[in-house]
1. Can you give me the Cα centroid spacing of region 23-96 and region 201-218 in angstrom?
2. What list of ³J(HN,Hα) couplings, whole Hz, do you get for region 52-67 from phi and the Karplus terms 6.51, -1.76, 1.60, once you set θ to phi - 60° and write x for glycine and proline?
3. Please compute the per residue accessible area over the chain with all protein chains in place, 1.4 Å probe, rounded to a whole number of Å².
4. In percent, what relative contact order does region 17-81 have, based on Cα pairs under 8 Å that are 6 or more apart in sequence?
5. Just need log10 I(q)/I(0) for region 159-229 at q = 0.12 Å⁻¹, Debye formula, equal scatterers on the alpha-carbon atoms, no solvent, rounded to two decimals.
6. Let me know the charge dipole size of region 98-200 about its Cα centre in debye, to the nearest 20, where only the beta-carbon of Lys, Arg (+1) and Asp, Glu (-1) is charged.
7. Identify, among 39, 168, 51, the residue whose Cα sits farthest towards the positive end of the charge dipole of the chain, taking +1 on the Cβ of Lys and Arg and -1 on the Cβ of Asp and Glu, with the dipole about the Cα centre.
8. May I ask you to evaluate 6.51 cos²θ - 1.76 cosθ + 1.60, the Karplus curve with θ = phi - 60°, for each residue of region 5-14 and list the ³J(HN,Hα) values in order in whole Hz, giving x for glycine and proline?
Amino acid sequence: MQSGLSELQKSLGIKFNRPELLEQAFYHRSYLNEFKGELVSNERLEFLGDSVLSLITSETLFNLRKGDAEGDLTNLRAYIVKTKSLSEASKKLNLGKYLKLSKGEEMGGGRENPQLLANTYEALLGAIFLDQGLEAVRNIIEKTLFSLFEKELKLGPPKDAKSSLQEIVQDRFKQSPHYKIVATTGPDHAKKFQVAVYVSGKEYGIGSGASKQVAEEKAAKEALEKLAK
């Protein structure tokens, strides 16, 4: 087992039955290009962890926010499950320390990259789910992620541009805005996204950022300004 992962298991309060799953959660795809051996990257675990995280968050909000409509629950889930917060949860567990990266990713600051840390957090959740089951994952999410949003879980999220745009477009056009990635630039460790937002097929705003969520928020702000004219 990778050095230090026993320490991580202690902090998680979990002893893996299949430690190879825990190891796989930290194999970034760039590392496989330099390592001569049969290893699997953490991307499949990330895919699984993303779905488990969405399920647990949805169930938690459904039970806690009994007066919220579907749209309110969707907005709050999106506010909680985003790159920035998943990165913060990842840092709580110091997951960057355990990552296996290529030399290029290492030199490019991969251990501190918010998107990479968020992906690793989801991969870890996927590994825990396969090895320990759903309740073990729920426990970790509550300690590391939901604990960051105690106020929002009680009161709901603060209004952001996307939420405001959703309400205005729904009221005025009887539909939802549509977001689309129109361009991506830069290497994996420093990717930039450009996102446009459309209403009835017409572009109303465009924004860019280091994550899709940031780009979408900027596009929504521009759309709000245009709709206010």
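1. So the two Cα centres are separated by 22 Å.
2. Working through the residues one at a time gives 5, 4, 4, 4, 5, 5, 4, 5, 4, 5, 4, 7, 7, 9, 5, x Hz.
3. Each residue of the chain exposes 55 Å² on average to a 1.4 Å probe.
4. On the way: 32 pairs, mean separation 15.0, N = 65.
Across region 17-81, relative contact order equals 23 percent.
5. Normalising to I(0) and taking log10 leaves -0.30.
6. Using only the charged Cβ atoms, the result is roughly 360 debye.
7. 168
8. Once rounded to whole Hz, the list reads 5, 5, 5, 5, 4, 5, 5, 7, x, 10.
The values are calculated or read from the model by the stated rules, or taken from the named source; none is laboratory data. Remember, it's a predicted structure, so these values are computed and weren't measured experimentally. A quick note on method: Cβ atoms are made from the backbone with ideal geometry, for glycine too, and the neighbour counts reach across all protein chains shown. Ligands, DNA and RNA are stripped out before the accessible areas are found, and what is left, the full protein with its side chains, is counted by its heavy atoms. Shrake-Rupley method; radii C 1.70, N 1.55, O 1.52, S 1.80 Å.
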